[in-house]
Structures are given as C-alpha cells and as structure tokens.
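Comments concern the structure below.
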Amino acid sequence: MKPIRFEDANVNLVGYDVEDLPAYFDGKMFITRWHTSLRERLSILLFGNVWLGLLSAIHPPIAITGGCGANFCLPERPDAP
C-alpha cells in the first residue's frame with residue numbers, strides 16, 4: 001500500500017528512511033489515506049487479510065476502514081456539493 005495525498009490533508013508526517021505520510025489532523029486524531037495495488041486488492045479479496053506494522057515501542061489505538069469509520073470521518077467542506 002502507498003500513502004496518497006488527499007485534499008483535506010493538512011500535515012505531512014516524515015521519518016527517516018520512510019515515505020512521507022500526508023494526513024489530516026484535528027488536534028486529537030490523524031487520518032491518512034492509502035492506495036492498494038491491484039495485487040494487494042486481489043490478495044485482500046481472496047484471503048481477507050490486511051497487515052499493519054508500526055515502527056513504535058507501543059501500539060496506539062487505531063481504526064482501519066474502507067470508508068468513513070464509526071468514530072471518525074473527515075469534516076464536511078462548505079464548498080462540497
């Protein structure tokens with residue numbers, strides 16, 4: 001999976017020897033967007049697994065979803081149709 005920039009991204013998380021991670025941050029939560037390759041989509045479809053790796057000594061609370069989750073969603077923009 002590759003992180004992708006999205007219109008509401010307002011921060012760019014950077015680290016050593018990793019790809020930049022565009023994110024939306026509201027002061028409490030980060031939201032990021034990812035794109036899967038065709039091969040990854042087929043693997044998810046066939047096997048139903050998504051792996052998560054964190055470069056951290058602790059595991060923070062997370063949510064992974066294919067759309068807006070129950071506890072998070074990007075704020076609506078006033079100019080949105």
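Here are the numbers:
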| item | result |
| --- | --- |
| Some residue of the stretch 62-73 being modelled with pLDDT of 90 or more, under 12 Å from the mean Cα position of the chain (by Cα) and aliphatic (A, V, I, L, M) | no |
| Residues located in the stretch 2-29, provided they are farther than 16 Å from L55 by Cα, touching a strand residue (DSSP E or B) at 6+ places or on another chain (Cβ under 6 Å) and among the hydrophobic types (A, V, I, L, M, F, W, C) | I4, A9, V11, A23, F25 |
| Members of the stretch 26-69 that are surrounded by 10 or more Cβ atoms within 10 Å (Cβ to Cβ) and in contact (Cβ under 8 Å) with a residue 12 or more places away in the chain | D26, M29, F30, I31, T32, R33, W34, H35, T36, S37, E40, V50 |
| Hits in the stretch 8-19 - residues which are over 13 Å from the mean Cα position of the chain (by Cα) and in contact (Cβ under 8 Å) with a residue 24 or more places away in the chain | G15, V18 |
| Boolean, T32 is within 16 Å of the chain's Cα centre (by Cα) and either among the aromatic types (F, W, Y) or modelled with pLDDT of 90 or more (or both) | yes |
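The values are calculated or read from the model by the stated rules, or taken from the named source; none is laboratory data. It should be emphasised that the depicted structure is a prediction, and the values quoted were computed from it without experimental measurement. Methodologically, a virtual Cβ is constructed for each residue, glycine included, from the backbone with ideal geometry; neighbour enumeration extends over all protein chains shown.
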